[in-house]
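Please treat every number below as a calculation from the coordinates, not as lab data. Computed from a predicted model, the values in this text were never measured in an experiment. Virtual Cβ from ideal backbone geometry, glycine too; neighbours counted across all protein chains shown.
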Amino acid sequence: MKFRISENSLYAVLMRSPWWVSLLVAAGVFALVRLVLSEGYAAFSISPFVLIAALAAWRQLRVPRGGALTKRLEALRALPWEAIAPQLEQAWRREGYQVAPFAGAGADYELSKAGRSTLVACKRWKAQRTGVEPLRELAAAAKAHGAAECAYLALGEVTDTARDFATKNALKLLQGAELAKLLA
């Protein structure tokens, strides 16, 4: 069984926040614990927050930002599908997945890792605006195939309705910095 942290837990929220937020929380916890206990106990109590700050900083250093991100996304947008597809396959293989084309409708790839199947839809990745319909197709394909997870790649805007659908159906949206990081 794979351990998963709840998406709304304090640690998950801190991992998504800038690294320095974890250090501010650590300083606050240290001050509060120091009021009651000695410095040694206070220092020990902040260790999870310091560790999260280090992990968040490491992740954030590897993600392009600002102008570099915009340039990278524009460069990706200029490429045809035939150039992007091998890059995606190679990126997923680097992350330890077995990659295979998906034979059915609604998805383009099936990724396998540790006995878990993930369906990915990405041929509409250049669309300026993505609505809920391609996400419905992906969710239906995942249900029919018995996939554990789903992901949808998008360079353009994803509508609020589509985002809500993705959240309710546990579909991961790969966009912006996360997509640029994957294809780095």
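Antiparallel DSSP bridges in the range 66-182: what percent, to the nearest 5?
45 percent
Write out the GluC sites (Glu not before Pro) in the range 82-184 meeting two conditions: DSSP loop, and at most 16 other Cβ atoms within 10 Å of their Cβ.
When the GluC sites (Glu not before Pro) of the range 82-184 are filtered for loop state and at most 16 Cβ neighbours within 10 Å, 95 remain.
Expressed as a fraction of 2.2 N^0.38 Å, the rule-of-thumb size for a compact globular protein of N residues, what is the C-alpha radius of gyration of the range 10-61?
Cα Rg divided by the expected 2.2 N^0.38 Å: 1.14.
Just 83, 53, 31 to compare: in a GNM of the chain, with alpha carbon springs under 10 Å, which one fluctuates most?
Evaluated over the chain, the most mobile residue of the options is 31.
Once percent of Cα pairs over 23 Å apart is worked out from the coordinates, which option in [x] 43; [y] 53; [z] 37 does it equal?
[y]
Would you mind computing, in nm to one decimal, how far apart the modelled labels at residue 140 and residue 160 are, each placed 7 Å from Cα along Cα→Cβ?
In this crude spin-label approximation the distance works out to 2.6 nm.
Charges only on Cβ, +1 for Lys and Arg, -1 for Asp and Glu: so what's the dipole of the range 1-142 about the Cα centre, in debye to the nearest 20?
About 200 debye.
Roughly speaking, what is the stretch gain from residue 37 to residue 182, that is 0.36 nm per residue apart minus the C-alpha to C-alpha distance, in nm to one decimal?
47.7 nm
Which helices count as membrane-span-like in the chain under these terms: full DSSP H, at least 20 Å along the axis by C-alpha, Kyte-Doolittle mean of -1.0 or more?
19-36, 47-61
Give, rounded to the nearest 20 debye, the magnitude of the charge dipole that the range 66-182 has about its Cα centre when Lys and Arg contribute +1 at Cβ and Asp and Glu contribute -1 at Cβ.
Roughly 180 debye, rounded to the nearest 20.
How large, in Å, is the range 48-129 by the Kirkwood hydrodynamic radius built from its alpha-carbon pairs?
15.2 Å
So what is the 222 nm mean residue ellipticity for the chain from helices alone, if each DSSP H run of at least 4 adds -39500 (n - 2.57) and you divide by all residues, rounding to the nearest 500 deg cm²/dmol?
-17000 deg cm²/dmol
Find, among the trypsin sites (Lys or Arg not before Pro) in the range 22-113, those assigned to loop by DSSP (not H, G, I, E, B) with at most 12 other beta-carbon atoms within 10 angstrom.
62, 65
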